[in-house]
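Written out below as structure tokens is the structure these notes cover.
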Amino acid sequence: MASLSNFLLHAFLWLALATTAFSMSPKFYDRVCPQALPAINRIVKAAVHREPRMGASLLRLHFHDCFVNGCDGSLLLDSTPDFETEKNARGNLNSVRGFEVVDQIKAEVDRVCGRPTVSCADILAVAARDSVVALGGPTWKVRLGRRDSTTASRALADTVLPSASMDLPALIDNFKKQGLNQRDLVALSGGHTLGLSRCLIFRNRIYNATNIDPAFAKQRRATCPRTGGNTNLAPFDPTPAKFDTAYFKNLVKQRGLLTSDQALFNGGSTDKLVKTYSLNPDAFWNDFAKSMIKMGNIKPLIGKQGQIRVNCRKAN
């Protein structure tokens, strides 16, 4: 009798784990709303065509959402009397953008589906993938079925989001806490092959770092003075609207824009992988796609957890 009880207990636990593992699927919306993913793709492609930088912004929204209590759309919530928005966190304030595009996607997806069917968290995951593809990068099958949180935490965002000043041990530890390894760290950092950064964020490096190419530092100082010009923008690599390996080629030449970028190629354990990616686009693309899937699986709300928000900016 005891052995039967043990068997049933193990069977139940296996079933619970299996249900969690398989409840998210690339085909999650195929039956309930097959028009959903094409609608997301249309709006992302149009937004990126209008402003290529938007691709990097949409990719970053997914990253900054997943790192704060999982991929639950919490970053999209505006402040309420109960909590302060994650948009005000140190790593997000005056930095994360693209919320209007997410609103546009949500409205269109709800229209083609006939009702609120696709979560805001899933919209972020798909929009990140479609942005990368729109700018010439790899594709991957996004596992879907996330639901949306009803709350957010600025305090947690302040604690867990990686900062531009982190060295390699701090970055490795930061990603490890999310269940991500060193390969994930380097591959996902390669997302900086897209987009721009503000002078405020990279000023300290271009004036004070010793592991920086002097010509590169001089070039960046031309548009980022010691005082003022905080919002002046500079690209992470020479081709900020193209998903390529220029970011890693920059690192090998000590031309990383942020301290946390150059930390990946600074005599440490990730040097070899940076060198590999700089020479082998296929290796980078393959690992980036795998790491994006892995990141997208950080603590999702599934089943009856959370909700499908009608408005991505506020709970129902």
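Relative contact order (percent) for the chain, with alpha-carbon contacts under 8 angstrom and 6 or more residues of separation?
Taking the mean separation of contacting Cα pairs over the length of the chain, I get 25 percent.
If you take the charge dipole of region 237-313 about its Cα centre, with +1 on Lys and Arg Cβ and -1 on Asp and Glu Cβ, which of Ala246, Thr276, Ile298 is farthest toward its positive end?
Checking the options against the dipole of region 237-313, the answer is Ile298.
Let me check something: with ligands and nucleic acids excluded, how do Arg60, Arg183, Arg226 order by accessible area (1.4 Å probe), largest to smallest?
Numbers: Arg60 80, Arg183 120, Arg226 160 Å².
If we order Arg60, Arg183, Arg226 from most to least accessible, we get Arg226, Arg183, Arg60.
Once you have the Cα-Cα distance between Thr210 and Asp271, take 0.36 nm times their residue separation minus that, and quote the gain in nm to one decimal.
Here the answer is 20.2 nm.
Counting each DSSP H run of 4 or more residues in the chain as -39500 (n - 2.57), what helix-only mean residue ellipticity at 222 nm follows after dividing by all residues, to the nearest 500 deg cm²/dmol?
Result for the chain, helices only: -15500 deg cm²/dmol.
Can you name the helices of the chain, as whole DSSP H runs, whose Cα span along the helix axis is 15 Å or more and whose Kyte-Doolittle mean is not below -0.5? Kindly include the intermediate steps, with their values, before the conclusion.
Working: long enough: 2-23 (31 Å, 1.31); 36-50 (22 Å, 0.48); 53-66 (20 Å, 0.02); 99-113 (21 Å, 0.17); 120-134 (20 Å, 1.34); 281-295 (21 Å, -0.27).
For the chain, where a helix must reach 15 Å along its axis and average at least -0.5, the hits are 2-23, 36-50, 53-66, 99-113, 120-134, 281-295.
If DNA, RNA and ligands are ignored and the probe is 1.4 Å, what is the ranking of His49, His62, His192 by accessible area, most exposed first? Don't skip to the answer; put the middle values down first.
Details: His49 160, His62 5, His192 55 Å².
Largest to smallest exposure gives the sequence His49, His192, His62.
Before anything else, pin down the relative contact order of region 74-207: Cα pairs under 8 Å, at least 6 apart, normalised by residue count, whole percent.
Answer for region 74-207 is 26 percent.
Rank Pro235, His62, Ala164 by how far each Cα sits towards the positive end of the charge dipole of the chain (+1 on Lys, Arg Cβ; -1 on Asp, Glu Cβ) and give me just the farthest.
Of the candidates, Pro235 comes out farthest on the positive side.
Rounded to the nearest whole Å², what accessible area per residue is found for the chain with the 1.4 Å probe?
48 Å²
Accessible area of region 20-92 with a 1.4 Å probe: how many percent of it is carbon plus sulfur? Mind dumping the intermediate values first?
On the way: 1870 of 3380 Å².
Of all accessible area on region 20-92, carbon and sulfur atoms account for 55 percent.
Would you work out the relative contact order for region 246-292, in percent, from Cα pairs under 8 angstrom that are 6 or more residues apart?
Relative CO of region 246-292 lands at 35 percent.
Tell me, how many Å apart are the Cα centres for region 164-217 and for region 24-70?
24 Å
Suppose every K and R has +1 on its Cβ and every D and E has -1 on its Cβ; what is the size of the dipole of region 68-135 about the Cα centre, in Debye to the nearest 20? Intermediate values should be presented prior to the final figure.
Numbers: 7 positive and 11 negative charges, 37 e Å.
Value, rounded to 20: 180 debye.
Net charge near Trp140: determine it from the other residues with C-beta under 13 Å of the C-beta of Trp140, scoring Lys and Arg +1 and Asp and Glu -1.
On the way: positive: Arg129, Lys141, Arg143, Lys290, Lys294; negative: Asp130, Asp287.
Surrounding charge for Trp140 is +3.
Using the crude model of +1 on Lys and Arg Cβ and -1 on Asp and Glu Cβ, and no other charge, please compute the dipole size for region 120-223 relative to its Cα centre, in debye to 20.
140 debye
The values are calculated or read from the model by the stated rules, or taken from the named source; none is laboratory data. Predicted model only: the values in this text are computed from it and were never measured. So basically every Cβ, Gly included, is an ideal-geometry build from the backbone, and we count neighbours across all protein chains shown. Surface accessibility is based on the protein's heavy atoms, side chains included, excluding ligands, DNA and RNA. Shrake-Rupley method; radii C 1.70, N 1.55, O 1.52, S 1.80 Å.
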